[in-house]
Amino acid sequence: MLRRAFACLTLLIAAAFPHGAQADEGRTRLAILGVDHAAQLVAENDQPGVLAAYLDLVKPAAVCIERPPEQASRQDFYEFTYEVQGIIVPWAAKSGTTICPIDWTPPMDDQLLGFGIDLDTPPEIRKAQGFQGFLTFPERKILDWDFFAAEDPATLAPLQKWATEPAPRADRDLPRRLYLYRTFMQAQRIRAAAHQHKGETMLVVVGYFHKPDIEAILKNDPAIELVSPASLGRPTDGAMRAATTAEHRSAILAFNLLGMQAATGVVNWDWIGRVLVDFSGADPSPEARLLQARHAILTGRITPAEAARRYQAIANDSEANKPFGWDGVKDRARLDSFFDPFGNLDVRQRARVELARTLFAQGKNARAEQYLDQLASELSPRKALQLRGYTPLLKPAKPS
């Protein structure tokens, strides 16, 4: 009985690590592109058009993305992986390229046992920042993040140090231990996909913190040739601009002007201004006019009173009763998105929120509350409650 069990185990191990004869049929060229999730929305040198143009340049036979296969099959992605649903998935659909979901996450029972929460479901009222809060990039160094930043060993060094050093207390070491197991399973799914694309080029787009361990796990597979993503070329500025879509620009502007990122002050205002000009064109839409007003108030070019006048005009415009070009909303039953407390509103409704913000800034609280009451009456009970929960974020910060 024990010999039979050992034989079965040997076969399973052999299947999991299929080396040998397969290498003779052509090695799969594999590039692991490490990304900082959603940094494309704040870093000019990593903007959406760069990845879109890079995909055009490399023309991979398959692109592996960071999401488990089950959820990806339902078009269910992590909220914060803008690079996946905002760039890769549309590109793959247009080009007919295979998508390979390669992530692994613990079952729900294990999440509740280990962390006490469902890691994939945000609270009804998200925190302003931090774990399960709104995504922001509060450190200015993100503005210098480059498309190939993960090719620099200095970028990866702090993560590698954390991954190899157990926590001082073993009962607080679950995140590191889970990271190691998760990354190993990611590598195994990449290995399986690579063996299905012999002699072809595959691209893996994954959080940069997974990159070094994945490469270490796969480097001894003779059927795989690991190559640096930078060795496959860098798109020209012209190619990047050609690959940038109106939806990409809408996403950049929404994240920096409407979301919580604006409050950090960590914004490349020069770049955002240029993106806004390209997005607006000669005949700005109500969405573009709202973004122009928000840009002007954030950069100090207009007063709150002038901003209020502009927002009021948009709120009264029947043509503004349209959705934004991109909003990042995953759950349409909620008011918010992963970066914006009021993300799931159309342009006309959002103009009223911004009008209330400017009225609060002028000390006209009663009028501001009146506009929000009117908006709440149009929303579902759940969204109305979230509107009230997020209203304090519209008010000027109190002096500390």
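If you check 262, 239, 288, which single one turns out to be surrounded by fewer than 20 Cβ atoms within 10 Å (Cβ to Cβ), free of Cβ contacts under 8 Å to residues at least 40 places away in the same chain and aliphatic (A, V, I, L, M)? Step through it out loud before you land on a result.
Numbers: 239 fails: free of Cβ contacts under 8 Å to residues at least 40 places away in the same chain; 288 fails: surrounded by fewer than 20 Cβ atoms within 10 Å (Cβ to Cβ).
Step by step, each of 262, 239, 288 is checked, and only 262 is surrounded by fewer than 20 Cβ atoms within 10 Å (Cβ to Cβ), free of Cβ contacts under 8 Å to residues at least 40 places away in the same chain and aliphatic (A, V, I, L, M).
Identify all residues within segment 35-48 that are surrounded by fewer than 22 Cβ atoms within 10 Å (Cβ to Cβ) and over 9 Å from residue 146 (Cα atoms); write none if there are none.
Listed by number, the residues that qualify are 36, 37, 39.
Could you tell me which numbered condition residue 266 fails, if it satisfies all but one of (1) more than 28 Å from residue 43 (Cβ to Cβ); (2) not in a helix (DSSP H, G or I)?
Result: residue 266 fails condition (1) only.
Counting just the residues of segment 167-178 that are open to solvent by 90 Å² or more (accessible area, probe 1.4 Å) and either in a helix (DSSP H, G or I) or in contact with a Ser or Thr (Cβ under 8 Å, 6 or more places away or on another chain) (or both), which one comes out farthest from residue 36 (Cα to Cα)?
Our first condition is that a residue be open to solvent by 90 Å² or more (accessible area, probe 1.4 Å); within segment 167-178, this holds for 168-169, 171-172, 177.
Those still in the list that are either in a helix (DSSP H, G or I) or in contact with a Ser or Thr (Cβ under 8 Å, 6 or more places away or on another chain) (or both) too: 171-172, 177.
Numbers: 171: 28, 172: 25, 177: 21 Å.
Taking the candidates together, the pick is 171.
Let me confirm something: among 136, 121, 155, 164, which residue is open to solvent by 50 Å² or more (accessible area, probe 1.4 Å), polar (S, T, N, Q) and either within 30 Å of residue 263 (Cβ to Cβ) or in contact with a Gly (Cβ under 8 Å, 6 or more places away or on another chain) (or both)?
Numbers: 136 fails: open to solvent by 50 Å² or more (accessible area, probe 1.4 Å); 155 fails: open to solvent by 50 Å² or more (accessible area, probe 1.4 Å); 164 fails: either within 30 Å of residue 263 (Cβ to Cβ) or in contact with a Gly (Cβ under 8 Å, 6 or more places away or on another chain) (or both).
That would be 121, the only listed residue that is open to solvent by 50 Å² or more (accessible area, probe 1.4 Å), polar (S, T, N, Q) and either within 30 Å of residue 263 (Cβ to Cβ) or in contact with a Gly (Cβ under 8 Å, 6 or more places away or on another chain) (or both).
Identify all residues within segment 78-96 that are touching a residue at least 40 places away in the same chain (Cβ under 8 Å) and not in a helix (DSSP H, G or I); write none if there are none.
The answer is 78, 79, 80, 81.
Which number in (1) out of contact with any His (no Cβ under 8 Å at 6 or more places or on another chain); (2) within 25 Å of residue 43 (Cα to Cα); (3) among the aliphatic types (A, V, I, L, M) marks the one condition that residue 257 misses?
Exception for residue 257: condition (1).
Take the residues in segment 211-229 that are of a type outside the set (Asp, Glu) and in contact with a Leu (Cβ under 9 Å, 6 or more places away or on another chain), then tell me which one is surrounded by the fewest Cβ atoms within 10 Å (Cβ to Cβ). Outline the logic, then answer.
Step one: list which residues in segment 211-229 are of a type outside the set (Asp, Glu), which gives 211-212, 214, 216-220, 222-224, 226-229.
With in contact with a Leu (Cβ under 9 Å, 6 or more places away or on another chain) added as a condition, the list becomes 211-212, 218-219, 224, 226-227, 229.
On the way: 211: 22, 212: 20, 218: 19, 219: 10, 224: 22, 226: 17, 227: 13, 229: 21.
Applying the filter and picking the extreme gives 219.
Give me the pairs: first residue in segment 200-225 and over 15 Å from residue 185 (Cβ atoms) and part of a strand (DSSP E or B), second residue open to solvent by less than 40 Å² (accessible area, probe 1.4 Å) and among the charged types (D, E, K, R), beta-carbon distance under 9 Å, and six or more apart or on different chains, which are they?
205/66; 205/83; 224/191
Restricting to segment 316-337, name every residue that is farther than 16 Å from residue 384 by Cβ, of a type in the set (A, V, I, L, M, F, W, C) and open to solvent by 10 Å² or more (accessible area, probe 1.4 Å).
Those that are farther than 16 Å from residue 384 by Cβ, of a type in the set (A, V, I, L, M, F, W, C) and open to solvent by 10 Å² or more (accessible area, probe 1.4 Å): 324, 326, 329.
The values are calculated or read from the model by the stated rules, or taken from the named source; none is laboratory data. Since we're looking at a predicted model, the values are computed, not measured. Every residue, glycine among them, receives a Cβ derived from its backbone with ideal geometry; neighbour counts consider all protein chains shown. For accessibility, only protein heavy atoms count, side chains too; no ligands or nucleic acids. Shrake-Rupley method; radii C 1.70, N 1.55, O 1.52, S 1.80 Å.
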